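Trainee: Below you will find the structure I want to go over with you.
The values are calculated or read from the model by the stated rules, or taken from the named source; none is laboratory data. Because the structure is predicted, anything quoted here is derived from the model rather than measured. Cβ coordinates were reconstructed from backbone atoms using ideal geometry, including for glycine residues, and neighbour counts include every protein chain displayed. Accessible surface is based on the protein model in full, side chains and every heavy atom, while ligands, DNA and RNA are left aside. Shrake-Rupley method; radii C 1.70, N 1.55, O 1.52, S 1.80 Å.
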Amino acid sequence: DLSVFDINGWKIGIMICADGMFPETARSLALKGADVILYPNSREEVGIEAEAAAYANVIPVVVSNPTGFNGADQCQGTSRIISPAGQSIAAVKENKPGWAVAKLDLNEITQSKTIACVRRLRRPELYSVLTDKGNVQI
């Protein structure tokens, strides 16, 4: 089960590694009220799924990915912080260790969620195939 944790007034959602490649993960965390999603990885690279998750759900996504060999893949780093608009606002260069640092304002995030056009255009009545039991495909 995907959980959202309250830490110092922030609701934190966590999607781990390959879970973040599927849009349902970020959407579920957003529907549970997450103010920010932490996205730790240990994969070769973290792609545009993080930017898409931030943009589609109007929520910041904080990506962490190591550099070096993890036992299966050569990890390329590219840790970053992504705004609710889906734009990287802080990033670490590929194959370089380091910190991505940005200030996130909870009031701005809350305001973004309420006025975002993408929220008004969402039509959940079209997505019942995702929630109807028996329709789940692997």
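Trainee: Per DSSP H run of n ≥ 4, the term is -39500 (n - 2.57); total these for the chain, divide by its residue number, and report the mean residue ellipticity at 222 nm rounded to 500 deg cm²/dmol.
Mentor: On the way: 5 runs with 37 residues, N = 138.
Here the helix-only value at 222 nm equals -7000 deg cm²/dmol.
Trainee: OK, next. Per the 1.4 Å probe, what fraction of the accessible area of the chain, in percent, lies on carbon and sulfur atoms? List each step's numbers first, then the result.
Mentor: Values: 4960 of 8730 Å².
Its accessible area is 57 percent carbon and sulfur atoms.
Trainee: What residue among G68, G86, G77 has the largest mean-square fluctuation in a Gaussian network model of the chain, using Cα springs under 10 Å?
Mentor: G68
Trainee: Which whole-number percentage describes the relative contact order of the chain, with Cα contacts under 8 Å and a sequence gap of 6 or more? Can you show the working numbers first?
Mentor: Details: 270 pairs, mean separation 22.6, N = 138.
It rounds to 16 percent for the chain.
Trainee: With the alpha-carbon atoms as the only input, what is the per residue convex hull volume for the chain in Å³? Let's see the in-between values first.
Mentor: On the way: hull volume 16.7 nm³, N = 138.
Output value, Cα hull per residue: 121 Å³.
Trainee: Moving on to the next point. Among G20, G68, L104, flag the residue with its Cα farthest along the positive direction of the charge dipole of the stretch 1-123, charges on Cβ as +1 for Lys/Arg and -1 for Asp/Glu.
Mentor: It is L104.
Trainee: If you put +1 on each Lys and Arg Cβ and -1 on each Asp and Glu Cβ, how big is the dipole of the chain around its Cα centre, in Debye rounded to 20?
Mentor: That gives the chain a dipole magnitude of about 360 debye.
Trainee: Go through K32/K96; K93/K113; K32/K113 and tell me which ones have a Cα-Cα distance over 24 Å in this structure.
Mentor: Working: K32/K96 34 Å; K93/K113 29 Å; K32/K113 13 Å.
From K32/K96; K93/K113; K32/K113, over 24 Å: K32/K96; K93/K113.
Trainee: Within 14 Å, Cβ to Cβ, of W99, how many net charges do the neighbouring residues add up to if Lys/Arg are +1 and Asp/Glu are -1? Intermediate values should be presented prior to the final figure.
Mentor: Numbers: positive: R80, K93, K96, K103; negative: none.
Result for the neighbourhood of W99: +4.
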